[in-house]
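Structure first, commentary second.
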Amino acid sequence: MHVTARRVALCGLLLAFSVICMVLGSVFETNTLFLLATASYFVGIVIREFGLRTGAAFYLASVLLGFLTAPNKFYVISFSAMGLYILGTEALYRLMAGWPSGLQKPWIFTALRYALFNLMFLPVTAGFWHLLFAASPSPLLWAAVILAGQAGLWLYDRAYLYAQRHLWGRFRKYFM
């Protein structure tokens with residue numbers, strides 16, 4: 001099989017899995033976050049296998065196809081935020097690979113990932129506070145929401161790394 005044909009075939013298959021996860025998130029309401037996170041992990045798989053340009057095209061195609069097929073558009077918006085975070089994280093990783101070795105520290109990468117997340121998370125929670133809560137926020141509640149977001153990011157990152165290293169590492173030989 002030609003390399004380009006293999007890339008297109010695998011990206012199409014992963015795109016189908018991603019959209020199925022988005023649609024199933026609307027069907028099984030109790031597993032929505034799990035299914036949306038799983039759908040966004042496919043963005044990272046495509047980026048790691050074929051590069052940032054193909055990953056960005058895959059991300060845009062999955063968001064557009066999700067808007068066309070998923071019954072709940074709010075879940076597609078949530079997926080797009082998760083996929084954008086994965087895209088940004090992988091871009092940061094590739095950017096840091098070109099830095100001098102003194103700056104390639106794991107804590108710098110972690111700080112940049114949290115900064116990227118907070119650039120997306122804080123404006124959305126501040127702008128849509130009235131959708132989440134009826135009353136104006138107290139400082140304690142605001143701090144609890146921010147801390148819950150940071151804990152959610154930590155869990156999401158751990159699950160993403162596990163999916164990339166162990167799950168995709170195990171299934172990769174069947175697809176590549």
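The values are calculated or read from the model by the stated rules, or taken from the named source; none is laboratory data. These figures come from a predicted structure and were not determined experimentally. Cβ coordinates were reconstructed from backbone atoms using ideal geometry, including for glycine residues, and neighbour counts include every protein chain displayed. Areas reflect the complete protein model, heavy atoms only, side chains present, ligands, DNA and RNA absent. Shrake-Rupley method; radii C 1.70, N 1.55, O 1.52, S 1.80 Å.
Leaving out ligands and nucleic acids, and using a 1.4 Å probe, what accessible area per residue does the stretch 1-61 come to in Å²?
Each residue of the stretch 1-61 exposes 51 Å² on average to a 1.4 Å probe.
Dipole of the stretch 1-113 (Lys/Arg Cβ +1, Asp/Glu Cβ -1, origin at the Cα centre): which of L103, G55, T38 lies farthest to the positive side?
Looking along the dipole axis, the top candidate is L103.
Taking 30 Å as R0, compute the FRET efficiency from the Cβ-Cβ separation of W129 and W154 and round it to 0.05.
Details: r = 23 Å, r/R0 = 0.76.
Rounded to the nearest 0.05, the efficiency is 0.85.
On the protein heavy atoms, probe 1.4 angstrom, tell me the percent of accessible surface of the chain carried by carbon and sulfur.
That share works out to 74 percent.
List the chymotrypsin sites (Phe, Trp or Tyr not before Pro) within the stretch 1-80 that fall in a DSSP loop (any state other than H, G, I, E or B) and whose Cβ has at most 13 other Cβ atoms within 10 Å.
F28
Based on the alpha-carbon gyration tensor of the stretch 58-129 and its eigenvalue square roots a ≥ b ≥ c, which shape applies: rounded if a/c is under 1.5, prolate if not and a/b is larger than b/c, or oblate? Before the final figure, lay out each step's value.
Details: a/c = 4.71, a/b = 1.77, b/c = 2.66.
Because a/c hits 1.5 or more and a/b fails to exceed b/c, the stretch 58-129 counts as oblate.
Efficiency by 1/(1 + (r/R0)^6): what FRET value for A5 and V27, r their Cβ-Cβ distance, R0 = 22 Å, to the nearest 0.05?
Rounded to the nearest 0.05, the efficiency is 0.10.
Calculate, for the stretch 64-110, the solvent-accessible area per residue in square angstrom, rolling a 1.4 angstrom probe over the heavy atoms of the protein chains.
59 Å²
For the stretch 1-64, what is the Kirkwood estimate of the hydrodynamic radius, computed as the reciprocal of the mean inverse distance between distinct Cα atoms, to one decimal in Å?
11.9 Å
What percent does the relative contact order of the chain come to when contacts are Cα pairs within less than 8 Å and at least six residues apart?
After rounding, I find 20 percent.
How fast does the chain diffuse by Stokes-Einstein, in µm²/s, taking the Kirkwood radius from C-alpha pairs at 20 °C and 1.002 mPa s?
Approximately 123 µm²/s, per Stokes-Einstein.
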